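For reference, the structure discussed in these notes is given below.
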Amino acid sequence: MDESCIQVAVYDDRLEVTSPGGLYNGLTYEEVMNGHSKIRNKAIANIFSQMGLVEAWGSGIKRIFNAAKEYALPEPKFQELDNMFRVELFRNSFPMASENKNIGGTSEKHRKSLGETRNG
C-alpha cells in the first residue's frame, strides 16, 4: 500500500479517510478543531468559492459534526497521527436491516407483475 496517497477505507460501521503529510503549514489539531484553516491550493479554493461549494473558510469540521448530530449518527472522530491526519465518519447500525432483506424480493415481484401485465 502506498502511504503517500490519501487512503479511503470502507467498513461496515464507518468510512475512514487518512491523509498523508499531517496538517498543513503548522496548523495544530486544536486550531483545526476550533475552525482555523489555511488554504493549501488557492486556485482550487477560489474556484470552489465561486461555485458556491465553500460556505466559509474553516467551517467544514463544524458542519461535519452538525450533520452527524442532525442525522443521529455517532460523533465523527478526527485524529492527528504520525505525519497523517485521519477522519472517521460513522454510520448507525441498522436494526431493521433484517426487515429490509425482502426489498429485493419485493422489487422482483413488482417486475414480474409488470411483465405479466405487459404480456397478458
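Determine, from the Cβ-Cβ distance of Tyr24 and Leu73 and an R0 of 35 Å, the FRET efficiency 1/(1 + (r/R0)^6), rounded to the nearest 0.05.
Between Tyr24 and Leu73 the formula returns 0.85.
I need the peptides 85-91, 12-18 ranked by packing, meaning the mean over residues of other C-beta atoms within 10 angstrom, with the highest value on top. Don't skip to the answer; put the middle values down first.
Numbers: 85-91: 16.4, 12-18: 13.1.
Highest to lowest by the protection proxy: 85-91, 12-18.
Starting from the coordinates of the alpha-carbon atoms of the range 1-57, obtain the Kirkwood hydrodynamic radius over all distinct pairs and give the value in Å to one decimal.
It is 13.8 Å.
Rounded to the nearest Å, what's the spacing between the alpha carbon centres of the range 1-31 and the range 32-77? Just the number, please.
Going from one Cα centre to the other spans 15 Å.
If each of Phe65 and Ala9 carries a label point 7 Å out from its Cα toward its Cβ, how far apart are those two points in nm?
Result: 2.5 nm between the two label points.
Readers should treat all values here as calculations from the given coordinates under stated rules, not as data from a laboratory. Worth saying up front: this structure is predicted, and the values here are computed from it rather than measured. Neighbour counts run over all protein chains shown; Cβ positions are idealised from the backbone, glycine included.
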